[in-house]
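Trainee: Handing you this structure, nothing more for now.
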Amino acid sequence: MTALIIIIVLLVVLIGGYIFFYNNLQTARVNTEESWSQIDVQLQRRNDLIPNLVETTKGYAKHERETLDEVVSLRNQLIELPADAHQEKMEISNQLTDALKSIFALSENYPDLKASQQFSQLQEELTNTENKIAYSRQLFNSSAALFNKKLVTFPSNLVAKMSHLSKIDYLQAPTAAKEVPTVHF
């Protein structure tokens, strides 16, 4: 009788432990998915602002058609990607960020554009959105790191293996961001 009670207690403890660690892993995975959705929200916000920026800029910078076309093309590529193409979205997003910097630089060549209140507001909103995207990327990588730590630490790694959970890849910084900037005086 005592052996049966010990076996039942052990089974309850093992099942309870499995449930506890499984729920912790799932919570970490959901947090990572939620942090990706924050990136997606900010990318969509930027995509919504871009047509207004392009239209505003067109009127002033008629000779800069190539830059504007590149921004529109990258925006369209970003919209067409499937929801789970995280790394591809980030690569195109990085290219789009660079192209937007080119548009902002255009304002230096066109004083009327630089003085335009609508352009200034759009530029400020896009800059704020870029900052939110950067923060969201950091949040995603932090969430992924927490999940990945749980995959390799005992005893949650046992539950992860039994549940066939796998590592979440981090978002990588663009290669250009890793290069040391050249400063000229």
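Trainee: Go through (1) more than 16 Å from N47 (Cβ to Cβ); (2) surrounded by 13 or more Cβ atoms within 10 Å (Cβ to Cβ); (3) not aliphatic (A, V, I, L, M) for R65 and report which single condition fails.
Mentor: (2)
Trainee: Just one of the numbered conditions (1) open to solvent by 50 Å² or more (accessible area, probe 1.4 Å); (2) part of a helix (DSSP H, G or I) is not true of D84; which one?
Mentor: (2)
Trainee: Among the residues that make up segment 6-29, is at least one of them within 16 Å of the chain's Cα centre (by Cα) and open to solvent by 50 Å² or more (accessible area, probe 1.4 Å)? Show your work before the answer.
Mentor: Going through segment 6-29, the residues within 16 Å of the chain's Cα centre (by Cα) turn out to be 29.
After this cut, where a residue has to be open to solvent by 50 Å² or more (accessible area, probe 1.4 Å) as well, the list is 29.
Within segment 6-29, one or more residues are within 16 Å of the chain's Cα centre (by Cα) and open to solvent by 50 Å² or more (accessible area, probe 1.4 Å).
Trainee: Taking the residues in segment 124-142 that are under 14 Å from L96 (Cα atoms) and touching a residue at least 24 places away in the same chain (Cβ under 8 Å) as candidates, determine which candidate is most open to solvent (accessible area, probe 1.4 Å).
Mentor: By that ranking, first place goes to E130.
Trainee: Here is a further query. Based on this model, can you work out whether E108 counts as surrounded by 14 or more Cβ atoms within 10 Å (Cβ to Cβ) and of a type in the set (D, E, K, R)? I'd like the intermediate steps shown before the answer.
Mentor: Working: surrounded by 14 or more Cβ atoms within 10 Å (Cβ to Cβ): no; of a type in the set (D, E, K, R): yes.
Judged against the criteria, E108 is not a match.
Trainee: Additional query: Name every residue in segment 30-46 that is surrounded by fewer than 17 Cβ atoms within 10 Å (Cβ to Cβ), under 30 Å from S116 (Cα atoms) and of a type outside the set (K, R), in order of residue number.
Mentor: D40, V41, Q44
Trainee: Among what's in segment 47-61 and is of a type outside the set (A, V, I, L, M, F, W, C) and open to solvent by less than 20 Å² (accessible area, probe 1.4 Å), pick the residue that is nearest to S107 (Cα to Cα).
Mentor: So the first thing to find is which residues in segment 47-61 are of a type outside the set (A, V, I, L, M, F, W, C), and the list is 47-48, 51-52, 55-60.
Remaining after also requiring open to solvent by less than 20 Å² (accessible area, probe 1.4 Å): 47, 56-57.
Working: N47: 20, T56: 11, T57: 9 Å.
Step by step, filter segment 47-61, then rank; the result is T57.
Trainee: Here's something else I'd like to know. Restricting segment 57-88 to residues that are touching a helix residue (DSSP H, G or I) at 6+ places or on another chain (Cβ under 7 Å) and among the basic types (K, R), which is modelled with the lowest pLDDT? It would help to see each step written out before you state the result.
Mentor: Residues of segment 57-88 that are touching a helix residue (DSSP H, G or I) at 6+ places or on another chain (Cβ under 7 Å), as a first pass: 57-58, 60-61, 64, 67-68, 70-72, 74-75, 77-79, 81, 86.
Still in the list and also among the basic types (K, R): 58, 75.
Numbers: K58: 75, R75: 89.
That would be K58.
Trainee: Continuing with the same structure: For K114, which of the numbered conditions (1) open to solvent by less than 40 Å² (accessible area, probe 1.4 Å); (2) at pLDDT below 90 fails to hold?
Mentor: Only one criterion in (1) open to solvent by less than 40 Å² (accessible area, probe 1.4 Å); (2) at pLDDT below 90 is unmet by K114, namely (1).
The values are calculated or read from the model by the stated rules, or taken from the named source; none is laboratory data. Keep in mind the model is a prediction, meaning the values are calculated, not measured. As a convention, Cβ positions derive from the backbone with ideal geometry for all residues, glycine included, and neighbour counts pool all protein chains shown. Ligands, DNA and RNA are stripped out before the accessible areas are found, and what is left, the full protein with its side chains, is counted by its heavy atoms. Shrake-Rupley method; radii C 1.70, N 1.55, O 1.52, S 1.80 Å.
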